[in-house]
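Participant: There's a structure below that I have some questions on.
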Amino acid sequence: MFRVSREIEFCYGHRLLNYEGKCRHLHGHNGRAVITLGGDTLDDRGILVDFGDIKRNVEHWINENLDHNLLLCRDDPLLSILRDRGERVFVMEWNPTAENIARLIFEHAIEAGLPVVEVLLWETDNCHAAYRQG
Ligand SMILES: [Zn+2]
């Protein structure tokens, strides 16, 4: 199998519900997503997927939706206050953990038609979560 990966850096704010550690309070991360695509065959140029396609389909979506945005769970009671104040938020179905942000990006890449096999989400230089199918 061939694999290609692209790294995408973005900044996001979040807080976790039902969590006792530091991430229970509003704060931000300089995150880095690593999107890996895979497949057994190359096109007639010898390319699995053009890196530009990942940029067009995933990096632009991250920049528009997640970068410099506040990611909150749909159950977060802050949502109504922030919306009333006209603040920008990205509402997630689940708690906005590194694991769930990796899954969110993975599912977007699938919807964009990319043969994604794994998404890593580096929340700090030392900690990352991965999501892959199966
Ligand atoms: Zn955090």
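Participant: Given the conditions (1) open to solvent by 50 Å² or more (accessible area, probe 1.4 Å); (2) modelled with pLDDT of 95 or more; (3) not in a strand (DSSP E or B), which single one is not true for Glu20?
Facilitator: So the condition that Glu20 fails would be (2).
Residues are listed down the side, and each one gets a yes or a no for (1) among the β-branched types (Val, Ile, Thr); (2) more than 14 Å from the ligand (Cβ to nearest atom); (3) closer than 21 Å to Glu123 by Cβ:
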site	(1), (2), (3)
His60	no, yes, no
Asp67	no, yes, yes
Pro77	no, yes, no
Ile81	yes, yes, no
Gly86	no, yes, no
Phe90	no, yes, yes
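Participant: For the stretch 51-78, give me each residue that is open to solvent by less than 10 Å² (accessible area, probe 1.4 Å) and in a helix (DSSP H, G or I).
Facilitator: Ile54, Val58, Ile62 - these are the residues of the stretch 51-78 that are open to solvent by less than 10 Å² (accessible area, probe 1.4 Å) and in a helix (DSSP H, G or I).
Participant: Somewhere in the stretch 29-37, is a residue over 22 Å from Phe2 (Cα atoms), open to solvent by less than 50 Å² (accessible area, probe 1.4 Å), small (Gly, Ala, Ser) and in a helix (DSSP H, G or I)?
Facilitator: Looking through the stretch 29-37, none of the residues is over 22 Å from Phe2 (Cα atoms), open to solvent by less than 50 Å² (accessible area, probe 1.4 Å), small (Gly, Ala, Ser) and in a helix (DSSP H, G or I).
Participant: If Val116 passes every condition in (1) within 15 Å of the ligand (Cβ to nearest atom); (2) under 19 Å from Glu9 (Cβ atoms); (3) not small (Gly, Ala, Ser) but one, which one does it miss?
Facilitator: (1)
Participant: From the list Glu64, Glu87, exactly one residue is within 13 Å of the chain's Cα centre (by Cα) and not aromatic (Phe, Trp, Tyr). Which is it? Spell out how you get there, then give the answer.
Facilitator: Numbers: Glu87 fails: within 13 Å of the chain's Cα centre (by Cα).
Exactly one residue qualifies, and that residue is Glu64.
Participant: Within the stretch 44-55, identify whether any single residue is within 14 Å of the ligand (Cβ to nearest atom) and either touching a Lys or Arg at 6+ places or on another chain (Cβ under 7 Å) or of a type in the set (Asp, Glu) (or both), and answer yes or no.
Facilitator: no
Participant: If you scan the stretch 97-113, which residues turn out to be of a type outside the set (A, V, I, L, M, F, W, C) and closer than 16 Å to Tyr12 by Cβ?
Facilitator: Thr97, Glu99, Asn100, Arg103, His108
Participant: Still on this structure, I have one more. Does Gly38 satisfy the condition of being more than 18 Å from His60 (Cα to Cα) and either more than 9 Å from the ligand (Cβ to nearest atom) or in contact with a Lys or Arg (Cβ under 9 Å, 6 or more places away or on another chain) (or both)?
Facilitator: Answer is yes for this residue.
The values are calculated or read from the model by the stated rules, or taken from the named source; none is laboratory data. Fair warning: this is a prediction, and the values are worked out from it, not measured in the lab. Reconstructed Cβ throughout: ideal geometry from the backbone, glycine too, with neighbour counts over all protein chains shown. All accessible areas refer to the heavy atoms of the entire protein, side chains included, with ligands and DNA or RNA removed. Shrake-Rupley method; radii C 1.70, N 1.55, O 1.52, S 1.80 Å.
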